[in-house]
Amino acid sequence: MPLGEIPRSYGDEVAVVSVTYSPGESLGEFLDSLAKATNRPYTVVLADNGSTDGAPERASAQRGEVTLLRTGENLGYGGGANRGVAELGPEYGWVVVANPDVVWQPGALDELVAAGERTPRAGALGPLIRDSDGAVYPSARLLPSLGRGIGHAVLGKGWPGNPWTRAYRQSELAVRERDAEWLSGSCLLLRRTAFDSVGGFDSRYFMYFEDVDLGDRLARAGWRNRYVPSAEVVHTGGHATTAHAEVSARMLAEHHRSAYRYLADRHPGPGWAPLLLALRAGLGIRAALAVLGARR
C-alpha cells in the first residue's frame, strides 16, 4: 500500500485463494475438506499459473463456490496469491492462502478466524500442520538470521539435531497458541488490512521464502504472526513439485536462490558484501549437489 494511503475497510467474510499448477486429484480433496472446516459462507479463487491437467477447470465447473482465475503465466506462489487476493471484493476481510494439497480437519478454518477475532493485531494466523504420516511439521519458526541460516543450511541435512536447526524450527517448544516470527505459507489465514499494509507477498520470490519474508514485514509493520494449533491441517505432499525429478530439481535450485535473496535484502551495503559473496558461493554449491541428487 503506498505511503500515506488510507487503509481500505473490509467486511467479515472469508475467501480462500489457492495457487494451482496441475494440482491433480489433491484439489478435490482440498475443496471437500474445506467444506467441513467452517460453518461460514466462503468463496474460493483458484489462481492458476498454467495447469494442463484440467483439475482447476473441473473444480470451477462443478462447484458453485469456486472461481477460476487464469493468471496468464507462471507467476510463482506469491505472485499468484497476490493476483487471487486482488480479485476479491471488499466484503472479504479474511483471506486464506493455501496450497491445493492441504486437507483441512473439521472446524479448522473456524478456529483460525476465532483466534484472529480475539487477537486484533494478528495479521497472519497459521494452523498446526501435519505431514502425510501424521508427524507435526514445524510451521511456526524463528526468522533465519545469518548465523542460524548458515548453521541450518550447512548442517541441517546431515545433523538435523544441531542447535541452529533446532532453534530455527522451534520444534522443541510445547504445542500451544503463541506468536511466531513467521508461519508456513502452505496454509495461512491473513487479515486483509494487514496483508494490504505491507503490499502482499513480494513477487520477486518465485517460490520459497515468500512466507518468511511476509512474516518479517508484517512484524515490522506492527502485526503479529499467530500460531493456532487448535486448528489442524494435513499437508499431503506437493503434487506439482514432486511429480517429475526435473521439476523437483528446479525447485531445489529456486529454494537456494530465495534463501540468498532473503538474507541479502536484510544485509545491504558494502560491509556485508564479503560475507554475502561467500554465502552465495556456499548456497550455490549446496544447490548444485541437491539438484544432482534429485536428478539421480
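Some notes on this structure:
- A cut-off of 5 Å between modelled amide H atoms, ignoring neighbours fewer than 5 places along the same chain, links Gly93 with Gly11, Asp12, Glu13.
- Residues whose amide H falls under 5 Å from that of Trp182, counting only those 5 or more places apart or on a different chain, are Arg141, with hydrogens built in the peptide plane.
- Kirkwood-based Rg to Rh ratio, region 13-239, C-alpha trace: 0.95
- Spatially, region 78-142 and region 41-67 are offset by 18 Å when compared through their Cα centroids.
- With R₀ set to 25 Å, the beta-carbon distance separating Glu73 from Ser145 gives a calculated FRET efficiency near 0.15.
- When each of the peptides 30-43, 201-214, 80-93 is scored by the mean number of other C-beta atoms lying within 10 Å of its residues, the order from highest to lowest reads 201-214, 80-93, 30-43.
- The residues neighbouring Gly80, those whose beta-carbon lies less than 14 Å from its own, together hold a net charge of -3 under the Lys/Arg +1, Asp/Glu -1 convention.
Read-outs throughout are calculated quantities, based only on the coordinates presented, and are distinct from any laboratory measurement. Note that this is a predicted model, so its numbers are computed, not measured. Please note: Cβ atoms are built from the backbone with ideal geometry, for glycine as well, and neighbour counts cover all protein chains shown.
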